[in-house]
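S.K.: Would you mind keeping the following structure in view while I ask a few things?
The values are calculated or read from the model by the stated rules, or taken from the named source; none is laboratory data. Just so it is clear, the model here is predicted, and its values are computed rather than measured. Ideal geometry is used to build each Cβ from the backbone, glycine not excepted, and the neighbour counts take in all protein chains shown. What goes into the accessible areas is simple: the full protein's heavy atoms, side chains included, and nothing from ligands, DNA or RNA. Shrake-Rupley method; radii C 1.70, N 1.55, O 1.52, S 1.80 Å.
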Amino acid sequence: MLKLLWLIPVLPLTGFLVLALCGDRLSRRQIAWVGCGSVGAAAVTTALVAADFFRTFPDREFYQQTLWNWINTSGMTVGISWYLDALSLLMVAVITGIGFLIHLYSAEYMAHDDGYARFFAYMNLFVAAMLTLVLADNLLLLYLGWEGVGLCSYLLIGFWYREPEYGTAAQKAFIVTRIGDTALAIGLFILFTQFTNLSIQQVQNLAVEAWPVGSNLAMIVALLFLIGAVGKSAQLPLQVWLPDAMAGPTPVSALIHAATMVTAGVYLIARMHHLFALAPMVQEVIAVLGLVTLLLAASSALVQQDIKRVLAYSTMSQIGYMFLALGVGAWSAAMFHFLTHSCFKALLFLAAGSVIHSLHHEQNIFKMGGLRRHLPWTFWTFLIGAAAMSGVPLITSGFYSKDWILWSVWSSPISHRWIWFGAVFGALLTGLYSFRLIFRVFFGEARTQPAHEPGLAMRVPLVILAFLALTVGFLEMPHTLGNVTLFSDYLSHALPTTELLTGIDESSEAREQLAVTVAALLGIGLAAFLFLPGSLFEARRSGQSTDHPSVTLLQGGWGFDRLYDRVFVRPWLSLTRNSHDRLDRGFDWLAACAESCHGWMSHTQTGHVRWYAATVAVGTLVLLGLFAM
Amino acid sequence: MLSTPALVLAIVLFGLGLIGLLSRRNILYMLLSLEIMLNAAALAFIAGGARWGQADGEVMFLFILTLAAAEVSVALGIVLQLSHRFRTVDADALCELRG
Amino acid sequence: MTLWLLILIPILAAPFAWMGQQWSRHTPPLIAIGALSVDVLLALFLWNQGPSVQISGHGFWLVESHVSWIPRWGISLHLGLDGLSLILILLTAFIGVVATIASWTDIQSRVGLFHCNVLLALGGVIGVFLAIDLFLFFFFWEVMLVPMYLLIIIWGHAQRRHASFKFFLFTQAGSLVLLVAIVTLAFLHQEATGRLSFDYADLMELTLSSEMARWLMLAFLIGFLVKLPAPPFHTWLPDTYAEAPTGATIILAGILAKTGAYGLLRFTIPLFSEAMSELAPIAMGLGVVGILYAALLACAQTDIKRLVAYSSISHMGFILLGAFAGTELAMQGVVMQMVAHGLSTGGLFLLAGALEERYHTREMGHMGGLWSVMPRLATMTLFFACASLGLPGLANFIGEFLVLFGSYATQPIMVILASLGMVMAAIYSLGMMQRTFFGPVRDSRMTPDLSNMAFGTVLVIAVLQIWLGLYPKAILTTTKPVMEQLVQAAVASANPIHSRAESLLSSRSVTSQGTIP
């Protein structure tokens, strides 16, 4: 069964080819079958492969499969080859599993769209590219997937191509991530020049041998990889594209801009953890970037009016937690948060999509309200998602993953106490903005009359994801609460265990957890106080407008868009305004010179035969005279 | 020697022809002057042939004679066409090739 | 003899294509396609035979043909085929077919003469790729020029006079410099051995003083840079590409630009390896300038054909960068880039021409929202836009990345700058898509989508792009021996004591130390 590994990315690719080549000849039902079926088949194959993987490799080492030699020339040997270990298997499972649920959801959500076949074609292509990214054995193949998901993201953000703003958002996403990709590519050039090898494992082994910890080259390469990861994962300073990326259809936001693609950066860093371990300074940078992003994004999420933008900022914020975990060396914690986050964030997006769907594409939360009674399924699942995101203790998965990260931050030798305080404050903000959303959308009086509840194809994914958002956390529970270590055992071969400071006992862990719990609950409570309709503060504040300058600053994501507009976009535009080739001027001048010269010479050509005869005679005499001399 | 006066005569004839060519505006007269210049050159060949006792001079003379005949027939044809089309035989009036 | 067949089939078919006009409008293109297909088959046959063909002469030609022509000047009809020329001939014949199909509806007047000129130009190009006598090479170099000039001046668009003059003057000036250098080289050979010779193998043996080598290399460089083109000699290209009829543009961009690249690889580098170390950084610098400057201008264009033209200059910069990097990997990348660029710009110009034919404008401001009107055209343009922005999995990516990987060892800073071109490529390619196919509909006229024939052609190009993007071995193994020899010769003459492997290793370790800031 392990031999079937190659089928996992190929199945969605086949789906893409079928839909792209004869999508216009299929009926909607057939399109949905092909689109969902190919991803579903990939998910089933993943399950088979995983079962076989566990049986063949009880210690979960790795399995490699080479399809053919991609490039094999002049010292460069790169294969189309897959590498399956615990880490990539986790990613594949999430991509195909959650991907299938989102495809199923889209079958109904997009049912009345003109570009039904196009939508599923892009989605299948995305899944194929994402699987290539995570299964790649070498960095060049990883780069193929990396760019492939970028392209699909571009296509899906601009899916409704008639709106020029959507197109701008799509271009912005592609170009900003492309900046990161270019840095990643330069990192590949350096690695290849050093080691004439691009295999992820071998390069890292060679790097560990050749470079001492903290060597300049290791720092530079790690930094370049980090820039790549930052671009893809929408972290500071390349985070500006993600809020605009919400222009795409909601299932796209769920799949690409929440569950899978934006976590590719996390995967990359986890995959290259040997390299990053050689560059402790870069690791610190990762932690600080993660912290700053999570705080900035969480504060921006507080004041957004568009339901999807709130979720977009929350995604940035949650990925900030993952980066924070990576930065302090808690690799497994980061991947655990990735797992829980992709469950509850996909759930939140899909539930939000169901709200938007029933409100006829209304996305402004100030025009919603009171949907609790009309959309009970959506309400309960959304509530579970929001609870998981804010980390409601004991019953939600988000609590366990976030707690693990914060505990690692607290006890890691390469972290600082203020980072932990920042992250805990972030947890408070998370509770605040998640429940602001709940109270705004589902409580109070209805401002827009909703249509019916979504149908079965949309409800089933919601329920499954809600179930997962509650239960996935039980895979890993802290010492103080049951001490389950299924997840970290599972990843133990692929990722190193987290180093903890010595001499930290259980009581301090319990105290730390209490602080986190209190922060999350405080956030929710504050949200209830501030935003629950009928609460004291809400009533007093309702009359006031919200155009205070600090609010506008937060709504614009701390003004990064305006800053980049000033510093990069406008100078660039003014550079490209003049479409004339300056170098052409030189040649124009040459041509003008030649023209004036010949104009001057042509005065001698009078057209008078006698003048010609005279000049011939004079010329002959002069020549004869010259000869005579 | 005999050839010197003959050469002097040829030079004088050539000069006369050139002056005629440059001063006359009527194309017919210009052709006449051209003929004189050609014949001056031919005379120089004859003189040269006589000087060296070679037949080449006479051969060249015959060449020039045929050339002159051919040239005149073509040139007169052109002159006829010119006077027919432009109603003039004034060389200065015909300057359409001015640059 | 087979080699002469490759050249003569298109040239001899040319008059028939001209005469074919009297039977039907479709006879000349059919004759052209037929002749070029025979060429493709012949080249494929040679490719298949590859290793088994008798290796003769100087040991590196797969097939060689040598007939004396003007012995007292040392000129002979000497043709030689190796992996590089084989690949390029295949590309030439294939792009020729594409160009013919692109002109199927575009060319309405004097169809016969058009295809006659196309065939003559292609015959000249194939001659250029085969000739290994420098005089013969120059002869074919000129043969391909005149029909191209006629194609532009007779069938071009509004500004065709300006464009064709510019094209002719630039290329002719470049040829002149080249001719002077070739003749000087032949005389130098006479000085050294007492015998005039234009033969490639003879001239390779010649050792030049470094001063002489520098000047001659510069002359060769200029001659080929005009054709490539690279700044500052590129300004003829946008005008020409925009004003030429679509078929001629495809030939110009897809093939004629490659003759410049071929000249760099075949003549400039091996003949003057003495001066390589001095001129290589300059040439590579010009390549990087070309990549960035042309990409910047491409972003500024509003005319779709000019945009593609500038993007084409930008891509040719990678060729210049890689050709002078001096590593085998970069050279392999150059070959890949030549083929990939031929396919991608061929496709893009075909599609841009189709757009122009339908809307009678090249201004992207007048288009918009065409995706719903012409889904086939839009999808294929998206595909080629992706190819041109270097999406992995397509052939352009392999070319660009091999060049960058190979050049990083020698010029890391330049490679980093060149990588910025990838960001700019994204900006102009996506900008082109946005302005033509996305956004609100500007022109509500209903226009027909791509015809089945054109769609099929573009699809074939797309399949080739994907095939070469995922399985570049097909080309890389064919050209590997040629590139090995090139690098070996360059290294040997620059550094006669060390063997190649040693010097490569040492250069690598030197740079690895050198790049640590």
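S.K.: Counting other Cβ atoms within 10 Å of each Cβ, which trypsin sites (Lys or Arg not before Pro) in the range B:31-99 have at most 16 and sit in a DSSP loop?
M.R.: The qualifying sites are B:Arg87, B:Arg98.
S.K.: When all protein chains stay in place, what accessible area (Å², nearest 10, 1.4 Å probe) is found for C:Arg445?
M.R.: Rounded to the nearest 10, that gives 110 Å².
S.K.: If you don't mind, another one. Quick one: compute the contact order of chain A, relative version, from alpha carbon pairs under 8 angstrom and 6+ residues apart, as a percent.
M.R.: 12 percent.
S.K.: Could you let me know the centre-to-centre spacing of the range A:320-335 and the range A:341-360, using Cα atoms, in angstrom?
M.R.: About 26 Å separates the Cα centre of the range A:320-335 from the one of the range A:341-360.
S.K.: Now a separate question. Using only protein heavy atoms and a 1.4 angstrom probe, determine the accessible area buried between A and C, summed over both sides, in Å² to the nearest 100.
M.R.: The A and C chains share an interface burying roughly 5100 Å².
S.K.: To continue, here is another question. Could you grab the relative contact order for the range C:277-517? Cα pairs under 8 Å, six or more apart, rounded to a whole percent.
M.R.: The normalised contact order for the range C:277-517 reaches 26 percent.
S.K.: What part of the accessible area of the protein assembly as shown, given as a whole %, is carbon or sulfur when the probe is 1.4 angstrom?
M.R.: Using a 1.4 Å probe with all protein chains present, the protein assembly as shown comes out at 68 percent carbon and sulfur.
S.K.: Under 29 Å from the Cα of C:Lys166, which lysines turn up, not counting those fewer than eight places away in the same chain?
M.R.: Partners found: C:Lys227, C:Lys258, C:Lys305.
S.K.: Under a Cβ-Cβ cut-off of 13 Å, what is the net charge of the residues other than A:Tyr612 that fall near it, where Lys and Arg count +1 and Asp and Glu count -1?
M.R.: Once all neighbours under 13 Å are counted, the net charge is +1.
S.K.: Taking the Cα of C:Leu420, stepping 7 Å toward and past its beta carbon, and measuring to each backbone N in the range A:555-587: which are under 16 Å?
M.R.: A:567-576
S.K.: Moving on. Which whole-percent values make up P(r) of the range A:9-162 when all C-alpha to C-alpha distances are grouped in 5 Å steps starting at zero?
M.R.: Histogram of Cα-Cα distances, whole percents per bin: 2, 10, 17, 20, 18, 13, 10, 6, 3, 1, 0.
S.K.: Take the range A:207-303, compute every pairwise Cα distance, and split them into 10 Å bins from 0; I just need the percent in each bin.
M.R.: In whole percents, the pair-distance histogram is 16, 42, 28, 12, 3.
S.K.: Computed over the Cα atoms, what is the radius of gyration of the protein assembly as shown divided by 2.2 N^0.38 Å, N being its residue count?
M.R.: Here the answer is 1.15, to two decimals.
S.K.: How big is the accessible area of A:Val288 in square angstrom, nearest 10, if you roll a 1.4 angstrom probe over the protein chains?
M.R.: 60 Å²
S.K.: Name the residues of the range B:1-36, by number, that are at least 20 Å² less accessible with every protein chain in place than in the isolated chain; the surface is that of heavy atoms, probe 1.4 Å, without ligands or nucleic acids.
M.R.: The answer is B:Leu18, B:Leu21, B:Leu22, B:Met30.
S.K.: Relative to the compact-globule scaling 2.2 N^0.38 Å, provide the ratio for the alpha-carbon radius of gyration of chain A.
M.R.: Taking N as the residue count of chain A, the ratio is 1.19.
S.K.: Could I ask something else about it? Extending each Cα 7 Å along its Cβ direction at A:Trp68 and A:Ala93, get the distance between those two points in nm, one decimal.
M.R.: Each label point is offset 7 Å from its Cα along the Cβ direction, giving 3.3 nm.
S.K.: Here's something else I'd like to know. To the nearest 0.05, how large is the calculated FRET efficiency for C:Met1 and A:Leu206 if R₀ is 35 Å and r is the Cβ-Cβ distance?
M.R.: E between C:Met1 and A:Leu206, to the nearest 0.05, is 0.10.
S.K.: When you look at the Cβ of every residue in A:62-75, what mean number of other chain Cβ atoms sits within 10 Å?
M.R.: Mean partner-chain Cβ count within 10 Å for A:62-75: 5.
S.K.: If you don't mind, another one. Can you classify chain C as rounded, prolate or oblate using the Cα gyration tensor, where a ≥ b ≥ c are the square roots of its eigenvalues, rounded means a/c under 1.5, and otherwise it's prolate if a/b beats b/c and oblate if not?
M.R.: Here chain C falls in the oblate category.
S.K.: Whole Å is fine, so just give me how far the alpha carbon centre of the range C:269-334 lies from that of the range B:31-91.
M.R.: Result: 63 Å between the Cα centres.
S.K.: Another question about this same structure. At 222 nm, what value in deg cm²/dmol follows for chain A if DSSP H runs of at least 4 each add -39500 (n - 2.57) and the sum is divided by all its residues, to the nearest 500?
M.R.: The per-residue figure over chain A is -22500 deg cm²/dmol.
S.K.: Write down Rg/Rh for the range C:277-517, rounded to two decimals, with Rg from the C-alpha atoms and Rh from the Kirkwood relation over Cα pairs.
M.R.: Using only Cα positions, Rg/Rh for the range C:277-517 is 1.06.
S.K.: Also, quick follow-up: Return the calculated 222 nm mean residue ellipticity for chain C, to the nearest 500 deg cm²/dmol, obtained by summing -39500 (n - 2.57) across DSSP H runs with n ≥ 4 and dividing by the residue count.
M.R.: Computed ellipticity for chain C at 222 nm equals -24000 deg cm²/dmol.
S.K.: Quick one: putting +1 on the C-beta of Lys and Arg, -1 on the C-beta of Asp and Glu, what dipole do you get for the range C:277-517 around its Cα centre, in Debye to the nearest 20?
M.R.: Here the range C:277-517 has a charge dipole of around 300 debye.
S.K.: Also, quick follow-up: If you wrap a convex hull around the C-alpha atoms of the range C:242-398 and split its volume per residue, what is the figure in Å³?
M.R.: 102 Å³
S.K.: What is the range C:148-257's relative contact order, in percent, from Cα pairs under 8 angstrom and six or more apart in sequence?
M.R.: For the range C:148-257, the relative contact order is 41 percent.
S.K.: Can I ask one more? Just how far, in whole angstrom, is the range C:380-442 from the range A:205-248 if you go by their alpha carbon centroids?
M.R.: What the calculation gives is 21 Å, centre to centre.
S.K.: Let me ask something additional. Which of the lysines could a cross-linker span from A:Lys3 if the Cα-Cα distance has to be under 27 Å and same-chain partners fewer than 8 positions apart are dropped?
M.R.: Within the straight-line cut-off, A:Lys3 pairs with C:Lys473.
S.K.: While we're here: Exposed loop GluC sites (Glu not before Pro) only (DSSP loop, at most 14 other Cβ atoms within 10 Å): please give the longest stretch of chain A free of them, not including the sites.
M.R.: With a cap of 14 other Cβ atoms within 10 Å, the longest stretch comes to A:62-444.
S.K.: Consider just the alpha-carbon atoms of the range A:72-143 and return their Rg together with their Dmax, both in angstrom.
M.R.: Reported Rg and Dmax, both Å: 15.8, 53.
S.K.: Further, regarding this structure: Is the C-alpha gyration tensor of the range C:383-473 telling us rounded, prolate or oblate? Criteria: a/c under 1.5 is rounded; beyond that, a/b larger than b/c is prolate, otherwise oblate.
M.R.: Judged from the Cα gyration tensor, the range C:383-473 comes out oblate (a/c at least 1.5, b/c at or above a/b).
S.K.: Further question on the same structure: Which of the GluC sites (Glu not before Pro) found in the range C:168-220 are loop residues per DSSP with 16 or fewer other Cβ atoms within 10 Å of their Cβ?
M.R.: Of the GluC sites (Glu not before Pro), not one in the loops of the range C:168-220 has a Cβ with at most 16 other Cβ atoms within 10 Å.
S.K.: For A:Lys172, give me every one of the lysines with a C-alpha distance below 19 angstrom, ignoring sequence neighbours fewer than eight places off in its own chain.
M.R.: Of all the lysines, those that pass the test against A:Lys172 - Cα under 19 Å, at least 8 places apart if same chain - are A:Lys232, A:Lys308.
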